[in-house]
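Following: one structure in structure tokens, then a few remarks.
The values are calculated or read from the model by the stated rules, or taken from the named source; none is laboratory data. Predicted model only: the values in this text are computed from it and were never measured. FYI the Cβ positions are ideal-geometry reconstructions off the backbone, even for glycines, and counts take in every protein chain you see. Ligands, DNA and RNA are stripped out before the accessible areas are found, and what is left, the full protein with its side chains, is counted by its heavy atoms. Shrake-Rupley method; radii C 1.70, N 1.55, O 1.52, S 1.80 Å.
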Amino acid sequence: MMTAAKRKYPIGIQSFEKIRRGGYVYVDKTELIYKLISEGCPYFFSRPRRFGKSLLVSTLKAVFEGKRELFEEMTLKDGTRQPRLFIATTDWDWEPRPVLHFDFSGGDIETIEQLDELIDNILKGYERLYRIFETSGGTNERMKTIIRTAQAQTGQRVVVLVDEYDNFILHHLDSPQQSKIARQRFQNLFGPLKEMDDHLELVFITGISKFSQMGIFSKLNQLKNISLRPDFEALCGITEEELVSTLRPDIEHLASLNGIDFEQQVGELKNMYDGYHFSHGLTDIYNPFSLMNALDANMLSNYWFASGTSSALIEMLAQMPPLELQDLVGISIESTAFDLPISSFDDPVPLLYQSGYLTIKDYRKDRDLYQLGFPNKEVRQGFADCLFQHVTNSKPSSRWRSALLNAYYDFRDSDDLACFVEALKSFYASVPYQLDNKNEHHYHALLYTLLTAFGADVSAEESTAQGRSDIVLRMPKTIYILEIKYDKSAETALRQISDKGYAGKYHLDSRPIVKVALTFSGETRNIAEWKIE
């Protein structure tokens with residue numbers, strides 16, 4: 001029996017035309033696109049990095065350029081069939097419109113001079129296209145001239161598409177002066193859009209940060225922000241329905257390689273890459289970048305963080321007030337918090353949400369409160385690893401960290417807690433003394449972050465009937481309940497676990513329960529004693 005050829009996934013490809021003509025898998029988003037363009041409003045749309053915003057903009061560009069053939073069913077030279085997309089079944093007129101596309105998604109713009117050159121080159125390209133040989137004034141006047149001329153020459157109103165408007169600014173958070181100058185550049189470039197409304201068919205702007213935070217579009221106050229609207233929640237990313245339909249053949253193939261059934265494989269993908277919610281509708285959204293990479297490589301891994309997120313996150317953490325991992329689980333914020341200025345790091349949570357590290361877990365309509373948390377295993381583990389590196393000033397390749405990771409794996413496989421504790425002693429001995437807050441919470445937070453970074457099934461401050469256990473570690477064979485004390489005896493810690501009945505919550509689990517006492521010395525700043533029961 002012949003098996004179907006492996007399908008092609010568009011890894012690193014953001015061109016809609018290239019995807020369709022190249023026979024790559026495309027998850028049809030054109031029903032939502034049709035709704036978007038039918039309303040005809042000027043829009044702003046925020047999503048985290050690598051969530052498909054550039055492909056969405058490219059698809060909009062193809063629609064407005066009238067490239068209907070890309071949306072119809074097609075059979076390619078190699079026999080690959082591309083299905084007909086939803087928008088091709090509608091009454092869309094397919095009249096070509098002039099499209100002005102401003103792409104700021106590239107990561108190679110490091111200076112204001114390079115940003116100026118990019119903007120100038122984009123404007124020059126459209127000036128040549130519409131035969132505008134005499135230009136005067138700044139970028140705002142050039143922009144108005146291009147829009148008027150494009151409409152006059154084509155007889156159609158102009159479409160303006162802006163991809164990742166805030167990319168440069170977010171990469172220069174540590175340089176307020178550069179960020180300020182960049183905002184001025186964008187204000188000059190896009191400021192005329194409101195007064196040019198009669199000449200515009202559509203304005204669509206994407207980014208990570210809500211535009212009101214940047215202070216760039218204060219004059220463009222007619223933009224409709226659809227970032228938190230339930231009806232556009234699935235505009236980027238993959239829904240569960242799309243996963244089990246469009247992507248089913250490749251999930252079945254991956255399941256066969258792993259020796260599990262389809263439902264089990266979906267469960268693993270869900271645990272790793274699902275869990276994003278972008279409105280109070282709470283539609284489950286999978287990270288498309290990680291999901292596509294996993295299906296292409298036939299292997300689950302932390303693709304989103306491996307694509308450059310780690311260094312950017314560490315730089316971001318350096319600009320923020322001190323964070324502790326357990327403080328970000330179940331945190332609640334008001335909807336107004338999403339409008340805080342991006343330059344203010346008094347509350348880093350909105351930026352962590354918009355960057356994709358946190359997502360909406362629940363919404364209290366009566367209080368207008370959003371509860372946030374980590375979306376999935378990939379983000380939780382990756383964020384913990386970055387926080388671990390940031391707090392300890394350690395690089396992932398450091399020798400002692402590798403030894404500690406190996407000790408953790410040995411502990412997971414054999415329940416050899418003694419060797420793991422010895423490795424922990426080496427770890428705590430390497431933490432710079434300046435970071436020691438000389439309290440129990442400090443050592444608790446470091447251990448919890450470390451275990452999370454290693455991918456452990458670990459929770460902190462789990463509530464029971466009589467209190468909260470410090471750390472609960474669920475290993476394949478055993479459940480460990482850890483109580484951490486500072487300058488106190490191990491017996492005190494074990495007695496608290498027993499007196500508070502922390503173990504009772506887990507008695508229905510078939511795994512044995514081990515009570516662990518870890519005590520730290522203020523003098524040595526390390527583990528002084530440990531006992532199990």
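So here's what we get for this one:
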| item | result |
| --- | --- |
| Ranked by how many other beta carbons lie within 10 Å on average, peptides 285-296, 356-367, 479-490 from highest | 285-296, 479-490, 356-367 |
| Whole-angstrom Cα spans of segment 427-533 along principal axes, big to small | 43, 29, 20 |
| For segment 34-108: Kirkwood Rh in Å [reciprocal of mean 1/r, alpha carbons] | 14.4 Å |
| Which of Y130, N298, I360, positive extreme of dipole for the chain (C-beta unit charges) | Y130 |
| Among 50-60, 326-336, the order from most to least packed when residues are scored by Cβ within 10 Å on average | 50-60, 326-336 |
| The chain: calculated mean residue ellipticity at 222 nm from DSSP helix runs of at least 4, using -39500 (n - 2.57) | -12000 deg cm²/dmol |
| Size of charge dipole - the chain - debye, nearest 20, with Cβ of Lys, Arg +1 and Asp, Glu -1, no other charges | 540 debye |
| Computed over the chain: relative contact order in percent, which uses C-alpha pairs under 8 Å that are six or more apart | 11 percent |
| Accessible area (Å², per residue) of the chain, counting only protein heavy atoms and a probe of 1.4 Å | 45 Å² |
| Which label in (i) -0.48, -1.05; (ii) -0.57, -1.06; (iii) -0.43, -1.05 gives the computed log10 I(q)/I(0) by the Debye sum over Cα atoms at q = 0.07, 0.11 Å⁻¹ | (i) |
| Cα pair distances in segment 160-306, grouped into 10 Å bins until the bin that holds the longest one, percent each | 10, 30, 25, 21, 11, 3, 0 |
| Residues of type aspartates and glutamates that K477 reaches as a straight line, Cα spacing below 15 Å, ignoring anything fewer than 8 places off in the same chain | D410, D413, D415, D416, D457, D509 |
| Set of aspartates and glutamates with alpha-carbon distance to K485 below 20 Å, sequence-local pairs under 8 removed | E324, D327, E422, D436, E440, E461, E462, D470, D499, E523, E529, E533 |
| Cross-link partners of K488 among lysines (Cα-Cα below 19 Å; sequence separation of 8 or more within a chain) | K425, K438, K500, K515, K531 |
| Solvent-accessible area, 1.4 Å probe, carbon plus sulfur percent, for the chain | 49 percent |
